[in-house]
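Asker: Mind looking over this structure? Questions follow.
Every number in this text was worked out from the coordinates using simple rules, so none of it is lab data. All figures in this text were calculated on a predicted structure; none of them were measured in a lab. Note that we place each Cβ from the backbone using ideal geometry, even for glycine, and neighbour counts take in every protein chain shown.
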Amino acid sequence: MFSRSAGYAMQALTYLAAQPSGKLTGAREIADSLQIPMPFLWKILRNLSHKRLVRSFKGVRGGYELARSAEKISVSEILAASPDAKHTQTCVVGLDQCDDRNPCPLHTSWAGVRSQIDELMKNTSLADMAHTAPKRKRKRAGTP
């Protein structure tokens, strides 16, 4: 339902939300843990930084942290930060021209579902996501 970049942004922010307060987390750690290609993650983190969802710190001890508490970041805000943030605005059957004037067969039904999804995303915080996310096991150096 969401773009790959939106999904990766959700995963990266959820990972950061699970870190101890004040800990800076490097992009390499996030990429390795979540299996996100490094160049793609850098773009996502740069975008999230511009949208003021994360703060970045350069240098040897640098890394990323949430710009504010996970309780104050909604899923809808994360999705809106994605460059392709039209997850519920597109036609459910994939038509280019689908609106109230030119509806697809599911347009009216989808409008109600879309509204419910939007409400769910507004009312779900990053903290909620981090709390329910499965715990990932850290890979040991030298293990596949």
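Asker: Could you size up the charge dipole of the chain around its Cα centre, putting +1 on the beta carbon of Lys and Arg and -1 on that of Asp and Glu, and report it in debye to the nearest 20?
Answerer: The dipole of the chain has a size of about 980 debye.
Asker: Tell me, in nm to one decimal, what length is gained between V92 and S74 on full extension, where the rule is 0.36 nm per residue of separation less the Cα-Cα distance?
Answerer: Length gained, V92 through S74: 4.1 nm.
Asker: Out of N102, N123, N47, any idea which swings most in a Gaussian network model of the chain, alpha carbons joined below 10 Å?
Answerer: In the Gaussian network model the winner is N102.
Asker: Can you pull out the trypsin sites (Lys or Arg not before Pro) in region 1-78 that DSSP calls coil and that have at most 13 other Cβ atoms within 10 Å?
Answerer: Taking region 1-78 and a limit of 13 other Cβ atoms within 10 Å, the loop trypsin sites (Lys or Arg not before Pro) found are K23, R52, K58, R61, R68.
Asker: Calculate, in nm to one decimal, what S3 and Q116 gain on full extension: separation in residues at 0.36 nm each, minus their alpha carbon distance.
Answerer: 38.8 nm
Asker: Could you work out the relative contact order of region 4-132, using alpha carbon pairs under 8 angstrom and six or more residues apart, expressed as a whole percent?
Answerer: 30 percent
Asker: Along Cα→Cβ, 7 Å out, is where each label goes; now give me the distance between the ones at F40 and T108 in nm to one decimal.
Answerer: Roughly 3.9 nm, to one decimal.
Asker: Same structure again: Highest GNM mean-square fluctuation, the chain, Cα pairs closer than 10 Å: which of Q35, Q11, Q97?
Answerer: Q97
Asker: While we're here: For the chain, what does the helix formula give at 222 nm: sum of -39500 (n - 2.57) over DSSP H segments with n ≥ 4, over the residue count, nearest 500 deg cm²/dmol?
Answerer: -14000 deg cm²/dmol
Asker: In the structure shown, do any of K43/K122; K43/K72; K23/K72; K51/K72 have a Cα-Cα gap over 20 Å, and if so which?
Answerer: Correct reply: K43/K122; K43/K72.
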